[in-house]
């Protein structure tokens, strides 16, 4: 178990207590207004069920709002003094020269499966060349980890990787591997790499096919891990970029408008109990291999088979092993792309929906998890359970409004019809 620097923990509990106070206070007020305004809200079976559903939904809304409010306050005060990045800067910034002289080996892995080959490798080429320009390339090896099944696709991947290695002079540093047996999707792809080559590396930086990380960001991530041996994962907050379609540009605009406020607030509340998002992050290899393996679910339906949303569970297991997990939105130079069309977004969201709902099993059966990680699993589940709850809320409230006794609006000036 890691020796944990616990100075941030009392701060985290105070912040979370304040969050609970304002969220529960807001929820209590909303439920009271609903009780007084809606006829029959406390009668029979439907009324109390409606109030319980509304309490869950208002709590869910309140968590999002007050997380963003925390982020706004942190940005107004110039940043979070308890963030890992800010505290580590007091010890000095890690330079590329110091990093290359440490003797550490770092793997940069990019799991892919039927991705646009040239576009994907152009991202990897940009990362490689930026490290080379900064004089920080020496500790890094690059792995393209393919799960593609179509022979035409993986043959193109193999040829493109060989060509890229030739053009970059990266033989012995850039590798292509395709699995013959696809088990456990992306998490299985990473696990296969770690079984074969993980012992060679102290850290692993995970990229998606659409990820970009600047050399400065990668050097900073490595520096944070070097300075804080109790940290198991550092997650950056990638910004959306390179949008081409109208749908993707709308997503990118929304991310620029409020993404930073929300991520800063989330980081301020989680501190060392943050979550891993599956990419644009650095992991400490040995504890990840030792503690973060995932078994297949043995239930029925969606609760059977590999866990799709593996990243939140992996960070929870890292925390259970005594290591800290940090979200650091102040690390600049981290980017990803959004799905180009609504159809692509819905396909991804369907996968996330199934993966988040699968978290019900470990949430109820896995012992030793930190409270913050359990709450993260629960809020991930609520992200998809909230939709049917809203439908239930609208149906029950409409029914009570039609069949219940008439009532005067509680706030006539605001709610009465003119």
State whether the residues of region 296-311 include one that is part of a helix (DSSP H, G or I), in contact with a strand residue (DSSP E or B) (Cβ under 6 Å, 6 or more places away or on another chain), touching a residue at least 24 places away in the same chain (Cβ under 8 Å) and in the same structural domain as residue 114 (by TED's automatic domain parsing). yes
Can you tell me which residue in region 141-163 is farthest from residue 222 (Cα to Cα), limited to those that are in contact with a strand residue (DSSP E or B) (Cβ under 9 Å, 6 or more places away or on another chain) and outside any helix (DSSP H, G or I)? 148
Only one of 267, 290 is under 25 Å from residue 79 (Cβ atoms) and assigned by TED's automatic domain parsing to the domain that holds residue 131. Can you tell me which? 267
Filter region 121-135 down to the residues that are surrounded by fewer than 20 Cβ atoms within 10 Å (Cβ to Cβ) and either free of Cβ contacts under 8 Å to residues at least 60 places away in the same chain or touching a helix residue (DSSP H, G or I) at 6+ places or on another chain (Cβ under 8 Å) (or both) and list them by number. 122, 125, 129, 130, 132, 133, 134, 135
Among (1) within 19 Å of residue 124 (Cα to Cα); (2) buried (at least 23 other Cβ atoms within 10 Å of the Cβ); (3) in contact with a strand residue (DSSP E or B) (Cβ under 8 Å, 6 or more places away or on another chain), residue 242 falls short only on (2)
Could you please let me know if residue 138 is at negative phi, surrounded by fewer than 22 Cβ atoms within 10 Å (Cβ to Cβ), in a loop (DSSP other than H, G, I, E, B) and in contact with a strand residue (DSSP E or B) (Cβ under 8 Å, 6 or more places away or on another chain)? no
Taking residue 398 as the residue in question, decide whether it is more than 18 Å from residue 295 (Cα to Cα) and more than 21 Å from the chain's Cα centre (by Cα). yes
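Of the residues 117, 109, which is out of contact with any strand residue (DSSP E or B) (no Cβ under 9 Å at 6 or more places or on another chain), touching a residue at least 40 places away in the same chain (Cβ under 8 Å) and either outside the structural domain of residue 295 (by TED's automatic domain parsing) or crowded, with 18+ Cβ neighbours inside 10 Å (or both)?
117
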Hits in region 330-356 - residues which are within 23 Å of residue 67 (Cβ to Cβ) and touching a helix residue (DSSP H, G or I) at 6+ places or on another chain (Cβ under 6 Å): 330, 331, 334, 338, 353, 356
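Every residue, every condition in (1) under 20 Å from residue 156 (Cα atoms); (2) in the same structural domain as residue 233 (by TED's automatic domain parsing); (3) surrounded by fewer than 17 Cβ atoms within 10 Å (Cβ to Cβ); (4) in contact (Cβ under 8 Å) with a residue 60 or more places away in the chain, yes or no:
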{"position": "169", "(1), (2), (3), (4)": "yes, yes, yes, no"}
{"position": "180", "(1), (2), (3), (4)": "yes, yes, yes, no"}
{"position": "183", "(1), (2), (3), (4)": "no, yes, yes, yes"}
{"position": "187", "(1), (2), (3), (4)": "no, yes, no, yes"}
{"position": "194", "(1), (2), (3), (4)": "no, yes, no, yes"}
{"position": "202", "(1), (2), (3), (4)": "no, yes, no, yes"}
{"position": "206", "(1), (2), (3), (4)": "no, yes, no, yes"}
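The values are calculated or read from the model by the stated rules, or taken from the named source; none is laboratory data. The shown structure was predicted, so the numbers you read here are calculated from the model rather than taken from an experiment. Neighbour counts are summed over all protein chains in view; Cβ atoms, including those assigned to glycine, are modelled from backbone coordinates with ideal geometry.
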